[in-house]
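One structure is given below, encoded as structure tokens.
Quick note: the coordinates plus some simple rules give every number you see, no bench work behind them. Being a predicted model, the structure only gives us computed values, none of them experimental. Cβ: placed from backbone, ideal geometry, glycine included. Neighbour counts: every protein chain shown.
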Amino acid sequence: MVNKVRVRFAPSPTGGLHLGGVRTVLFNYLFAKKHGGDFIVRVEDTDQSRFVEGAEDYIFKCLHWCGLTPDESVLHGGEYAPYRQSERKEMYRQYGEQLVKEGHAYYAFDTTDDLDAMREKLKASGSSSLQYDQNIRMQMNNSLRLLPDETQALLAKGTPYVIRIKINANEVIPFTDMIRGDIEFDSNNVDDKVLLKADGMPTYHLAVVVDDYLMKISHAFRGEEWLPSAPVHILLWKHLFGLHAMPQWAHLPLILKPDGNGKLSKRDGDRLGFPVYAMDWQDPATKESTKGFKEIGFLPEAFINLLVVLGWNDGTEQEIFSLDELIEKFSIEKVHKGGAKFDFEKAKWYNHEWIQKLDVSNYEDRVKVIFESKGVLITDAVYFTKVLNLVKGRCTLLPDFYTQGCFFFQPPASIDVADIKAKWNEPKNLFFVELIRTYQLTNSWEHTELEKEFKEIAAVNQLKPGELMGPLRIMLVGGKFGPGVFEIAAMIGKEETINRIENALSLLQ
Ligand code: GLU
């Protein structure tokens with residue numbers, strides 16, 4: 001029987017969710033859904049020193065916004081609960097002890113001072129590595145160097161210790177990555193990582209392997225930054241569970257800075273003026289706030305779409321993909337090996353496209369909140385929808401709906417009188433006076449009729465309609481933007497149109 005596909009996203013709750021993290025979720029999710037499998041979210045919170053209050057809750061909110069719902073998690077429950085590693089603490093020790101018993105790990109009693117001294121010594125000797133590894137371990141205070149009785153005595157006394165993996169010298173550690181193909185690691189470059197800490201908590205390395213095993217994970221996809229840890233994980237799999245049980249690995253390419261120079265960081269976003277986190281995040285300790293894609297006005301459909309193409313395409317020219325389409329088309333083998341440069345302009349293009357593609361009912365509520373936050377109360381839902389449809393072609397981010405559409409609800413806050421004045425003259429003034437009179441008598445307030453009357457008056461006065469339409473637009477909306485000027489007049493109604501023209505004429509006196 002073929003084992004069921006089971007994948008996991010294993011975030012550590014240490015802060016905001018980087019877009020690379022969401023892309024990892026997305027690739028996991030797509031793979032699971034494509035193969036009728038399960039998508040699990042496991043919270044890896046064993047490093048208490050990096051734990052950040054609220055980060056776990058925030059991660060789930062981000063996934064919810066993206067529509068990437070886990071099948072099993074802290075929130076969704078599941079057969080393999082608990083899904084928070086700190087609540088699984090008791091499960092890990094036995095595996096650490098088993099490794100020690102079988103000679104693949106050892107107790108290390110070194111204090112912080114011992115470790116500092118070790119690094120000083122290595123530095124002084126000009127060693128290129130300052131790590132606790134096969135070259136130095138026989139000079140340290142551990143069960144490999146001590147006699148069994150000495151070790152037992154230290155343990156009996158309750159001396160604090162950690163368990164470290166024992167990496168053999170001159171070993172080749174091979175594995176096959178679904179994206180990178182066959183890879184070999186040289187054990188001489190791998191240090192004796194801590195597996196179980198003095199406080200009894202496992203480190204990430206032990207916990208990730210034990211939990212992937214206990215939770216029957218079939219495929220493990222994670223960012224390329226974890227590749228250097230892979231040899232430790234592979235050895236743990238080999239020693240604890242046998243390599244046959246190990247999930248298939250895929251290390252996803254990095255998301256790079258726009259210039260391609262290194263991994264995209266939150267700091268790059270701050271520097272270049274774009275978000276890097278999925279949603280707004282506030283650090284509870286420093287109170288520093290960071291903007292998210294959601295809050296600056298991205299649609300989740302666009303966010304997913306712009307992320308999936310960072311490192312993947314289906315081999316065609318297609319750029320716009322819905323989540324359902326992605327589930328059908330996604331394949332991990334088509335993920336690229338090389339890093340993908342992040343381009344914020346392109347990201348915005350995706351949002352613009354999705355604003356057009358979706359019916360406004362998909363984002364109307366969010367746009368309404370934006371209008372109301374600026375003091376514009378929406379009382380007529382039908383009118384609001386009409387406005388959104390009229391201006392959506394001009395919108396890239398959701399707040400653009402306000403900029404492009406606020407004048408449908410209130411007179412412009414200011415009018416660019418200087419622009420009109422530059423080419424203003426008495427015949428134009430008279431034209432608008434006549435236009436007001438004509439519009440007052442108009443029975444059919446339709447944009448085609450309004451345009452017709454406008455052009456007739458212009459013709460009678462021997463003026464070019466093109467030279468009058470600009471001023472009319474500025475009078476109605478404040479500047480040179482917005483959809484068709486007669487459509488605007490038709491929408492805001494007779495009284496409001498005439499008021500705005502009259503108001504502008506008085507400013508032009
Ligand atoms: N807890 C790790 C992280 O924070 C997970 C890495 C993995 O997926 O193995 O990204």
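Here are a few things to note about the model shown:
- Footprinting exposure proxy for L26, L227, L264 (fewest neighbouring C-beta atoms within 10 Å first): L227, L264, L26
- Rounded to the nearest 20 debye, the dipole magnitude of the range 310-385 is 360 debye, with +1 charges on Lys and Arg beta carbons, -1 on Asp and Glu beta carbons, and the Cα centre as origin.
- Computed from Cα positions, the angle between helix 19-34 and the longest principal axis of the chain comes to roughly 80 degrees.
- The residues packed around Q85, meaning those with a beta-carbon under 15 Å from its beta-carbon, carry a net charge of -2 if Lys and Arg are +1 and Asp and Glu are -1.
- Projecting label points 7 angstrom from Cα along Cα→Cβ for T286 and K386 puts them 5.0 nm apart.
- Assigned charges on the beta-carbon of Lys, Arg, Asp, Glu; the chain dipole about Cα centre (debye): 420 debye
- Pairs over the 24 Å Cα-Cα cut-off, from the set K4/K341; K89/K291; K34/K263; K257/K374; K266/K348; K374/K480: K4/K341; K89/K291; K34/K263; K257/K374.
- The length gained on full extension between K452 and S265, counted as 0.36 nm times the residue separation minus their Cα-Cα distance, comes to 61.7 nm.
- Packing-based order for 296-302, 415-421, using average beta carbon neighbours within 10 Å, highest first: 296-302, 415-421
- Summary of packing: across the peptides 94-107, 197-210, the per-residue average of other C-beta atoms within 10 Å ranks them, highest first, as 197-210, 94-107.
- Sequence of D71, D57, D113 once ranked by neighbouring C-beta atoms within 10 Å, starting from the fewest: D113, D57, D71
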